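Down below is the structure, laid out as C-alpha cells.
The values are calculated or read from the model by the stated rules, or taken from the named source; none is laboratory data. As the structure is a computational prediction, the values presented were derived from the model and not from experiment. Cβ placement follows ideal geometry from the backbone for every residue including glycine, while neighbour counts extend to all protein chains displayed.
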Amino acid sequence: MAFAKLCSLDDVWEGEMESFEVDGHEVLVAVLDGGEVRAYQGICPHQDIPLVEGTFDGKRLVCRAHQWVFDAATGEGINPGNCRLAAYPVRVEDDTVLVDTTGVAPVHAVS
C-alpha cells in the first residue's frame with residue numbers, strides 16, 4: 001500500500017466533507033459524526049456528478065442531481081440500494097489524512 005497525503009484534519013471537520021485529487025483520483029473525504037474519517041470516490045456513480053456538490057449530514061451523503069443517497073460509514077447505497085461508492089483505505093497520522101488509491105477504481109452504475 002502506498003499512502004499519500006489527502007489533506008489535513010483542519011481542512012475538513014466532523015460532519016463535513018471535501019473533495020481532493022490524489023494520484024489522478026477524485027477522492028471525497030467525509031468526517032462522520034463521532035470523528036471517524038472515510039474516503040470514497042468523489043463522483044456519483046449515477047451520472048458523474050461531484051458528490052461534494054451534494055449534502056452530508058454526518059451519516060448520509062446525498063448527490064445533488066438525482067438525490068442518490070449513500071451510507072457515509074460504508075459507502076453502500078441507501079436509495080437506490082443496489083449501488084455503492086468505491087472506498088479508499090484511509091488513515092490519520094497526527095493531523096494528516098492519508099489515502100491509498102492503489103487498485104481502487106470508481107464504481108459506475110447502470111441507470
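For the reader, a short list of remarks on this structure follows.
- All conditions in (1) within 21 Å of F3 (Cα to Cα); (2) part of a strand (DSSP E or B); (3) not acidic (D, E) hold for G35, with the sole exception of (2).
- Output for the range 81-91, where each listed residue is out of contact with any strand residue (DSSP E or B) (no Cβ under 6 Å at 6 or more places or on another chain) and either modelled with pLDDT of 95 or more or among the small types (G, A, S) (or both): G81, P89
- Residue in the range 38-61 that is touching a strand residue (DSSP E or B) at 6+ places or on another chain (Cβ under 6 Å), among the hydroxyl-bearing types (S, T, Y) and modelled with pLDDT of 95 or more present: yes
- Each residue in the range 8-50 was checked for being over 15 Å from C63 (Cα atoms), crowded, with 17+ Cβ neighbours inside 10 Å and either in contact with a helix residue (DSSP H, G or I) (Cβ under 7 Å, 6 or more places away or on another chain) or small (G, A, S) (or both), and 1 pass.
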